[in-house]
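Report on the following structure.
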Amino acid sequence: MDKIKKNFGFGCMRLPMKGDQVDTEETCRMVDAFLDAGFNYFDTAHGYLDGKSELALKDCLTSRYPRDRYILTNKLTNFYFKKEEEIRPFFESQLEACGVDYFDFYLMHAQNEEIFKFFKSCHAYETAFELKKEGKIRHVGISFHDRAEILEQILTEYPEIEVVQIQFNYVDYDDPAVQSRKCYEICRKFNKPVLVMEPVKGGNLVNLPEEAKKVIEDLHGGSPASYAIRFAAGFPGMMMVLSGMSSLAQMQDNISFMKDFKPLDETEMEAVKKVQAIFRSMNLIPCTACRYCTAGCPKKISIPDLFAIMNTKQLYHDWNADYYYNAVHTAPGRKASDCIKCGKCEKACPQHLQIRKLLEEVAKEFENNQGE
Ligand code: SF4
Ligand code: SF4
């Protein structure tokens with residue numbers, strides 16, 4: 001772990017796109033700027049951008065820089081194996097896609113009660129520890145989305161786990177479903193360095209509601225993202241805060257305040273508490289747009305986009321949201337009311353959202369006047 005240079009990492013799940021392909025020129029510029037500024041941690045997974053994130057890292061990072069210039073984390077995701085024998089071939093395909101012969105960190109992806117049981121039944125953890133002995137993984141960890149008690153169970157059963165990635169941001173800090181604070185406390189109890197995902201809550205803490213925006217502007221300091229990322233990075237034991245950046249401009253903003261990182265001071269912390277309270281009062285759908293739910297939906301409903309539109313309408317009372325609902329995100333047969341309530345999406349949702357119920361509310365909001 002001593003290869004890690006700074007506490008800010010490049011999450012490669014929202015790379016810049018040109019149509020449905022990664023914009024490799026912009027990604028190369030981002031990689032160069034990131035490394036030039038002294039950062040070196042990159043995070044990917046096979047599911048990010050349908051496998052294109054791994055390939056983009058080969059094009060933009062691993063084929064252009066020597067192996068000791070960067071730290072690369074990849075993950076074992078439950079969608080891509082059904083039994084133990086399929087894990088190694090999948091892992092080898094990830095090494096090849098990324099153009100490396102080892103991963104610095106390899107995480108058991110999106111662990112929750114159910115997925116953990118499946119991983120155990122396939123000896124996934126044991127396989128990862130063997131790969132570590134073979135030198136193909138330097139450190140084994142987990143990324144986690146469930147209640148703190150399940151995290152405690154996993155860390156008790158597998159003390160060999162070296163790092164834990166959790167969702168941690170100032171809105172989810174005391175959220176009863178996400179339990180950021182409680183999960184963080186478990187990591188501290190087991191003395192595991194923490195990797196933070198979703199510090200800006202899928203962009204929700206970047207595009208703030210007006211009232212919250214004003215609180216941040218009154219500080220006359222950095223961008224809304226800067227406060228969210230510095231909040232997460234300021235807790236003891238936070239080894240790395242990841243940000244899923246989509247443009248050079250976003251990256252430059254992040255570099256500007258993470259290059260010489262300072263935790264939030266008292267006034268800034270007070271402002272963040274005010275923003276927390278504003279979010280709580282607004283009753284928004286806490287979707288992070290990770291899109292894990294969409295792959296298995298038999299009706300191909302654009303679940304996160306519909307939730308984003310619903311939140312936009314709630315925040316800004318924006319007529320434009322109706323246009324987006326009807327003209328952009330609901331092709332025939334893919335409206336919220338087309339949901340057949342199979343529940344597949346809810347099993348995949350790391351935020352434990354009651355998607356079926358929420359889609360009923362979306363349908364009520366946007367489909368009422370259309371005689372359907
Ligand atoms: S419950 Fe509805 S939205 Fe979810 S996967 Fe099934 S059809 Fe799709
Ligand atoms: S509904 Fe859940 S799984 Fe789907 S995008 Fe939102 S947070 Fe992710």
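The values are calculated or read from the model by the stated rules, or taken from the named source; none is laboratory data. Since the structure is predicted, the reported quantities are computational estimates derived from the model, not experimental observations. Quick reminder, even Gly has a Cβ in these numbers, built from the backbone with ideal geometry, and neighbours come from all protein chains shown.
Annotations for the structure displayed:
- Note on the range 109-171: enclosed helices (runs of 4 or more DSSP H) holding 2 or more residues that are under 18 Å from residue 191 (Cβ atoms) and out of contact with any Pro (no Cβ under 9 Å at 6 or more places or on another chain) are 148-157.
- One residue stands out among those in the range 189-223 that are aliphatic (A, V, I, L, M) and closer than 16 Å to residue 235 by Cα: the one that is surrounded by the fewest Cβ atoms within 10 Å (Cβ to Cβ), which is 194.
- Checked against the criterion of being part of a helix (DSSP H, G or I), touching a Phe, Trp or Tyr at 6+ places or on another chain (Cβ under 8 Å), closer than 30 Å to residue 343 by Cβ and within 16 Å of ligand 1 (Cβ to nearest atom), the candidates 309, 285 yield just one match: 309.
- Scanning the range 230-250 for residues that are part of a loop (DSSP other than H, G, I, E, B) and either farther than 16 Å from residue 167 by Cβ or touching an Asp or Glu at 6+ places or on another chain (Cβ under 7 Å) (or both) yields 234, 236, 245, 246, 247.
- Count of the range 269-290 residues which are within 16 Å of ligand 2 (Cβ to nearest atom) and modelled with pLDDT of 95 or more: 0
- Hits in the range 269-290 (condition: within 30 Å of residue 334 (Cβ to Cβ), surrounded by fewer than 20 Cβ atoms within 10 Å (Cβ to Cβ) and either charged (D, E, K, R) or within 16 Å of the chain's Cα centre (by Cα) (or both)): 286, 289
- Conditions (1) out of contact with any Asp or Glu (no Cβ under 7 Å at 6 or more places or on another chain); (2) within 28 Å of residue 6 (Cβ to Cβ): number failed by residue 130: (2)
- With respect to (1) surrounded by fewer than 18 Cβ atoms within 10 Å (Cβ to Cβ); (2) under 20 Å from residue 233 (Cβ atoms); (3) in contact with a Cys (Cβ under 7 Å, 6 or more places away or on another chain), the lone exception for residue 33 is condition (3).
- Filter result for residue 320 (more than 16 Å from ligand 1 (Cβ to nearest atom) and farther than 23 Å from residue 167 by Cβ): yes
- So residue 321, is it farther than 30 Å from residue 180 by Cα, touching a Lys or Arg at 6+ places or on another chain (Cβ under 7 Å), more than 16 Å from ligand 2 (Cβ to nearest atom) and not in a loop (DSSP other than H, G, I, E, B): yes
- Residue selected from the range 322-346 under the condition in contact (Cβ under 8 Å) with a residue 40 or more places away in the chain and out of contact with any Gly (no Cβ under 8 Å at 6 or more places or on another chain), by the criterion surrounded by the fewest Cβ atoms within 10 Å (Cβ to Cβ): 340
- Taking the conditions (1) in a helix (DSSP H, G or I); (2) surrounded by fewer than 20 Cβ atoms within 10 Å (Cβ to Cβ); (3) more than 18 Å from the chain's Cα centre (by Cα) in turn, residue 262 satisfies each one other than (1).
- Check on residue 253, more than 16 Å from ligand 1 (Cβ to nearest atom), part of a loop (DSSP other than H, G, I, E, B) and not β-branched (Val, Ile, Thr): no
- Scanning the range 291-318 for residues that are more than 9 Å from ligand 2 (Cβ to nearest atom), over 14 Å from residue 362 (Cα atoms) and modelled with pLDDT of 80 or more turns up 295, 296, 297, 298, 299, 300.
- Residues (part of a loop (DSSP other than H, G, I, E, B) and under 21 Å from the mean Cα position of the chain (by Cα)) located in the range 324-363: 349, 350, 351, 352, 353, 354
- Taking every residue in the range 1-26 that is exposed (fewer than 13 other Cβ atoms within 10 Å of the Cβ) and pairing it with any residue that is among the aliphatic types (A, V, I, L, M), at least 6 positions away or on another chain, the pairs with Cβ-Cβ distances below 7 Å are 3/71.
- Selection of the range 98-139 for residues being more than 26 Å from residue 349 (Cβ to Cβ) and of a type in the set (A, V, I, L, M) yields 100, 131, 137.
- Condition check for residue 111: modelled with pLDDT under 95 and of a type in the set (S, T, N, Q): yes
- Residues considered: 75, 82. Of these, the only one that is basic (Lys, Arg) and part of a strand (DSSP E or B) is 75.
- Scan the range 184-225 for residues that are in a helix (DSSP H, G or I) and within 17 Å of the chain's Cα centre (by Cα) and the total you get is 5.
- Of everything listed in (1) out of contact with any Lys or Arg (no Cβ under 7 Å at 6 or more places or on another chain); (2) more than 15 Å from residue 9 (Cβ to Cβ), the single unmet condition for residue 250 is (2).
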